[in-house]
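The values are calculated or read from the model by the stated rules, or taken from the named source; none is laboratory data. Computed from a prediction, not measured in an experiment: that's the story for all the values here. Note that we place each Cβ from the backbone using ideal geometry, even for glycine, and neighbour counts take in every protein chain shown. Accessible surface areas use protein heavy atoms only, side chains included; no ligands, DNA or RNA. Shrake-Rupley method; radii C 1.70, N 1.55, O 1.52, S 1.80 Å.
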Amino acid sequence: MRTVYHVSDADAYHISEGKVRNLLGDETLDMTAAAVLIDHPGSIDAAAKGHRQTTEALVGMGATVKLCSNAFGGAEADEDVFPDGVELVSSGVGELTRLQNEGWVYIRL
Amino acid sequence: MRTVYHVSDADAYHISEGKVRNLLGDETLDMTAAAVLIDHPGSIDAAAKGHRQTTEALVGMGATVKLCSNAFGGAEADEDVFPDGVELVSSGVGELTRLQNEGWVYIRL
Amino acid sequence: MRTVYHVSDADAYHISEGKVRNLLGDETLDMTAAAVLIDHPGSIDAAAKGHRQTTEALVGMGATVKLCSNAFGGAEADEDVFPDGVELVSSGVGELTRLQNEGWVYIRL
């Protein structure tokens with residue numbers, strides 16, 4: 001099973017860390033992938049700085065952090081400040097559409 | 001691919017315009033339909049008046065704006081003030097259930 | 001058709017009652033199950049006390065109220081204060097993943 005969390009504010013991003021931990025730690029499930037998609041400029045900056053620890057924790061658990069390219073254009077952070085496991089996607093809503101079409105589960109945080 | 005946005009406040013409705021533009025403009029996807037479903041009376045009124053421009057823009061891009069009949073009962077706007085491309089649905093949650101059963105992707109704004 | 005509502009605050013929980021009523025009362029649909037999943041400690045306590053009436057109404061309509069075990073650990077309510085129709089699930093996000101994989105529709109309140 002594969003699940004993507006949709007995040008549009010810094011608080012939700014911070015919460016996503018525990019939600020990924022709970023998901024990957026749920027022994028009743030067979031999870032093969034988890035992702036957190038951010039589609040808001042301020043939250044992308046939070047992922048780079050204020051909530052950097054959340055970003056490190058997420059990729060450390062094997063989750064992918066996906067940044068909407070459109071939102072990224074409004075953020076201050078540069079792409080190269082992010083660790084491996086963080087990637088730009090064509091558009092946030094486009095990626096959420098693509099993932100769900102591929103069978104990923106969607107959860108809004 | 002077909003995607004429906006679920007909107008319950010006026011700000012989210014306003015944001016939906018850019019989100020539809022990003023989705024339909026994402027060249028990595030093959031989108032065949034986009035819809036914005038409103039299930040809140042005040043937001044339906046916003047779609048009629050305060051955010052009328054958003055409504056015009058959405059239908060102008062080919063998206064359908066769907067209004068929950070239950071919420072519509074609590075709104076002040078009359079049905080005939082809306083342009084073509086805006087339609088009443090049996091219930092917001094019912095339509096979201098029907099669309100997802102038909103393969104539409106769901107995104108909560 | 002089967003639909004699960006995802007709830008993380010007491011207001012959304014309160015709203016879920018009408019949303020379940022609208023869904024089950026929508027004669028254009030063939031609903032076989034409805035559930036409300038709560039993944040927030042304060043909202044679990046609200047389901048036990050402040051919004052107890054909502055809980056009674058939901059299970060009275062035949063909906064299942066699902067409580068995230070992780071969130072339950074942070075709540076004050078005991079499990080035995082809840083009526084039949086309320087159940088603990090392994091994790092909120094895990095249950096939402098499992099249900100969607102089984103074909104349930106997801107709606108974020």
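Points worth noting:
- If you go through the range C:46-58 and keep only what is in contact with a His (Cβ under 7 Å, 6 or more places away or on another chain) and open to solvent by 10 Å² or more (accessible area, probe 1.4 Å), you end up with just C:HIS51.
- For the range A:18-45, the tally of residues that are open to solvent by less than 40 Å² (accessible area, probe 1.4 Å) and either within 14 Å of chain C (Cβ to nearest Cβ) or modelled with pLDDT under 95 (or both) stands at 11.
- Residues that are surrounded by fewer than 23 Cβ atoms within 10 Å (Cβ to Cβ) and not in a helix (DSSP H, G or I) were ranked within the range A:87-104; the one that is farthest from the other protein chains (Cβ to nearest Cβ) is A:GLU87.
- Residues that are assigned to a loop (DSSP other than H, G, I, E, B) and either surrounded by fewer than 16 Cβ atoms within 10 Å (Cβ to Cβ) or out of contact with any Gly (no Cβ under 8 Å at 6 or more places or on another chain) (or both) within the range B:66-80 comprise B:GLY73, B:GLY74, B:GLU76, B:ALA77, B:ASP78, listed in sequence order.
- Checked against the criterion of being on the phi < 0 side of the Ramachandran plot, of a type in the set (S, T, N, Q) and free of Cβ contacts under 8 Å to residues at least 12 places away in the same chain, the candidates B:THR28, B:THR32 yield just one match: B:THR28.
- Only a single criterion out of (1) more than 14 Å from every other protein chain (Cβ to nearest Cβ); (2) surrounded by fewer than 18 Cβ atoms within 10 Å (Cβ to Cβ); (3) touching a residue at least 40 places away in the same chain (Cβ under 8 Å) is not satisfied by B:MET61, namely (1).
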